[in-house]
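Asks: The following block contains the structure, expressed as structure tokens.
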Amino acid sequence: MAKRFMEIDIKSDMPSVADAKKRLMARIAEAQRSGTAVLKVIHGYGSSGVGGKLRIGLRKTLERLLSEGRLRRVIPGEQWDIFDPATQSLLGDYAELSGDEDLGQHNVGITIVELRRKRG
């Protein structure tokens with residue numbers, strides 16, 4: 001049975017933004033092939049505390065994929081809260097996510113991504 005939720009740590013070895021985007025795209029494709037429904041992308045928030053290049057670059061990529069219809073939902077970590085309508089909707093579809101340690105923590109270093117199922 002496919003794992004419905006997967007956590008991926010893109011920032012751990014501090015890649016360049018270009019390398020991080022390549023990794024993200026590869027992990028999304030891998031997750032779709034395996035039937036994973038939701039990813040928690042750990043990208044960090046930037047050492048300055050006002051936003052890092054990695055977070056900004058990866059979120060732009062995710063927003064582009066969302067606008068192209070390649071993703072179902074993207075929820076920034078700071079909105080990953082039970083009072084957020086998008087979070088409520090995702091939790092309604094995947095109740096097991098209610099146990100995520102970052103839920104309600106307003107963690108700007110993560111982004112929650114619901115994937116579209118790979119066709120054919």
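Asks: Exactly one condition in (1) without any contact (Cβ under 8 Å) to a residue 24 or more places away in the chain; (2) in a helix (DSSP H, G or I); (3) surrounded by fewer than 14 Cβ atoms within 10 Å (Cβ to Cβ) is not met by residue 13; state its number.
Replies: That leaves (2) as the condition not met.
Asks: Let me ask something else about it. Can residue 27 be described as without any contact (Cβ under 8 Å) to a residue 24 or more places away in the chain and within 11 Å of the chain's Cα centre (by Cα)?
Replies: Against the criterion (without any contact (Cβ under 8 Å) to a residue 24 or more places away in the chain and within 11 Å of the chain's Cα centre (by Cα)), residue 27 qualifies.
Asks: Okay, moving on. Please state which one of 101, 63, 96 is surrounded by fewer than 16 Cβ atoms within 10 Å (Cβ to Cβ), of a type outside the set (Ser, Thr, Tyr) and either in contact with a Gly (Cβ under 6 Å, 6 or more places away or on another chain) or under 15 Å from residue 8 (Cα atoms) (or both).
Replies: Just a single option satisfies the conditions, and that option is 101.
Asks: Something else now. Check whether at least one residue in region 56-78 is among the acidic types (Asp, Glu) and within 18 Å of residue 102 (Cβ to Cβ), and report yes or no.
Replies: Scanning region 56-78, I find at least one residue that is among the acidic types (Asp, Glu) and within 18 Å of residue 102 (Cβ to Cβ), so the answer is yes.
Asks: When you check residue 34 against the structure, is it at pLDDT below 95 and either among the β-branched types (Val, Ile, Thr) or over 25 Å from residue 117 (Cβ atoms) (or both), yes or no?
Replies: In short, no.
Matching residues to (1) in contact with a Phe, Trp or Tyr (Cβ under 7 Å, 6 or more places away or on another chain); (2) over 16 Å from residue 111 (Cα atoms); (3) among the polar types (S, T, N, Q):
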position: 15; (1), (2), (3): no, yes, no
position: 28; (1), (2), (3): no, no, no
position: 31; (1), (2), (3): no, no, no
position: 39; (1), (2), (3): no, no, no
position: 42; (1), (2), (3): no, no, no
position: 52; (1), (2), (3): yes, no, no
position: 58; (1), (2), (3): no, no, no
position: 84; (1), (2), (3): no, no, no
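Asks: Taking residue 117 as meeting all but one of (1) modelled with pLDDT of 95 or more; (2) in a loop (DSSP other than H, G, I, E, B), write down the number of the exception.
Replies: (1)
Asks: Let me ask another. Within region 68-76, identify whether any single residue is in a loop (DSSP other than H, G, I, E, B) and buried (at least 16 other Cβ atoms within 10 Å of the Cβ), and answer yes or no.
Replies: no
Asks: Mind checking which pairs have a first residue in region 81-106 that is at pLDDT 95 or above and part of a loop (DSSP other than H, G, I, E, B) and a second that is hydroxyl-bearing (Ser, Thr, Tyr) and surrounded by 10 or more Cβ atoms within 10 Å (Cβ to Cβ), Cβ under 7 Å, 6 or more apart or different chains?
Replies: 81/87
Asks: So which residues in region 59-91 are polar (S, T, N, Q) and touching a strand residue (DSSP E or B) at 6+ places or on another chain (Cβ under 7 Å), if there are any at all?
Replies: Residue satisfying the conditions is 87 alone.
Asks: Moving on. Out of (1) over 14 Å from residue 10 (Cα atoms); (2) surrounded by 12 or more Cβ atoms within 10 Å (Cβ to Cβ); (3) without any contact (Cβ under 8 Å) to a residue 60 or more places away in the chain, the odd one out for residue 32 is which?
Replies: (3)
The values are calculated or read from the model by the stated rules, or taken from the named source; none is laboratory data. In this text the structure is predicted, and so the values were computed from the model without any measurement. Using ideal geometry, Cβ is built from the backbone for each residue, glycine included, and neighbour counts are taken over all protein chains shown.
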